[in-house]
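Asker: This structure is in structure tokens; I'll ask about it shortly.
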Amino acid sequence: MVEKETSADEMIAELLEKRDFGGMPVLLVEDNPMNQFVANQVLELWNIKVDFADDGLQAVNLLKENDYALVLMDLQMPVMSGYSATKIIREKEHKFEKIKTKIIAISASVYEVEKAKIFKIGCDDFMLKPFPENLIFDKIAEHLGVIYLYEESNLKQEFQERGIKKELNLEHFSMMSEDWLKQLYQASLEGND
């Protein structure tokens, strides 16, 4: 029996499939609809269930009713800023002895002075916008304690055994166009190469 040689595209699809957060609920607090759309496209690829809040007040209210594994919190928003919302969320968690929800602040500009303020109000981390997909993936995985075993495997040997000459890493994914990644993802869902 002859074994089918695995193509680079099939190998990439296999690796992408392992980026699965199992429907984990994340709250994205962002007032810009385009940023919401783009973030949702990326997060859905990783099987993350995304709820949206357009401002900090909506975020506080959603967190009263729902449990989220993680909050991605824009800092500069109308009605209530991410700074104020995070302070309120942390105060309520303390008051009601709730488990601390991981909050990653996102902002277009974070100066050193602001970084200290971000951590003082209770954010667990921060990212500058715009951020590459691999950074948000790594931050989510880091704060949720997720370890992806393929990072520890010997990919080079596996690629050689399958007849693939080039070693792939996360940088390769960041160089791929969004359209190509969507097509690849869709093909992997359909089992179509």
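Asker: What is the residue count in the stretch 113-141 for residues that are part of a helix (DSSP H, G or I) and either farther than 16 Å from VAL71 by Cβ or within 10 Å of the chain's Cα centre (by Cα) (or both)?
Answerer: Of the residues in that region, 15 qualify.
Asker: Here's a follow-up. Among (1) open to solvent by less than 60 Å² (accessible area, probe 1.4 Å); (2) assigned to a loop (DSSP other than H, G, I, E, B), which single condition is ASP67 missing?
Answerer: Of the numbered conditions (1) open to solvent by less than 60 Å² (accessible area, probe 1.4 Å); (2) assigned to a loop (DSSP other than H, G, I, E, B), the odd one out for ASP67 is (1).
Asker: Of the conditions (1) open to solvent by 70 Å² or more (accessible area, probe 1.4 Å); (2) at pLDDT 80 or above; (3) out of contact with any Lys or Arg (no Cβ under 9 Å at 6 or more places or on another chain), ALA108 fails just one. Which one is it?
Answerer: (3)
One line per residue, one yes/no per condition, for (1) outside any helix (DSSP H, G or I); (2) among the acidic types (Asp, Glu); (3) under 15 Å from the mean Cα position of the chain (by Cα):
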residue	(1), (2), (3)
ASP20	yes, yes, yes
VAL26	yes, no, yes
ASN61	no, no, no
PRO78	yes, no, no
ALA105	yes, no, yes
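Asker: For the stretch 40-56, state whether one or more residues are modelled with pLDDT under 85 and of a type in the set (Lys, Arg).
Answerer: Among the residues of the stretch 40-56, not one is modelled with pLDDT under 85 and of a type in the set (Lys, Arg), which makes the answer no.
Asker: Still on this structure: Restricting attention to the stretch 14-66, report how many residues are more than 21 Å from SER84 (Cβ to Cβ) and touching a Pro at 6+ places or on another chain (Cβ under 7 Å).
Answerer: Summing the residues that are more than 21 Å from SER84 (Cβ to Cβ) and touching a Pro at 6+ places or on another chain (Cβ under 7 Å) in the stretch 14-66 gives 1.
Asker: Right, another one. Cβ-Cβ distance below 7 Å, separation of 6 or more or different chains: which pairs start in the stretch 76-103 with a residue that is farther than 23 Å from GLU142 by Cβ and open to solvent by less than 100 Å² (accessible area, probe 1.4 Å) and end on one that is among the acidic types (Asp, Glu) and at pLDDT below 95?
Answerer: Partner pairs satisfying both residue conditions: MET77/ASP31; PRO78/ASP31.
Asker: Separate question: Could you give me the residue pairs with C-beta distances under 8 Å whose first residue belongs to the stretch 116-132 and is at pLDDT below 90, whose second residue is open to solvent by 20 Å² or more (accessible area, probe 1.4 Å) and polar (S, T, N, Q) wherever it lies, and which are 6+ apart or on separate chains?
Answerer: Listed by first residue and then by second, the contacts come to LEU128/SER109; LYS129/ASN35; PRO132/SER174.
The values are calculated or read from the model by the stated rules, or taken from the named source; none is laboratory data. All of these numbers come straight from a predicted model, not from anything done at the bench. Reconstructed Cβ throughout: ideal geometry from the backbone, glycine too, with neighbour counts over all protein chains shown. Ligands, DNA and RNA are excluded from the accessible area calculation, which covers all protein heavy atoms including side chains. Shrake-Rupley method; radii C 1.70, N 1.55, O 1.52, S 1.80 Å.
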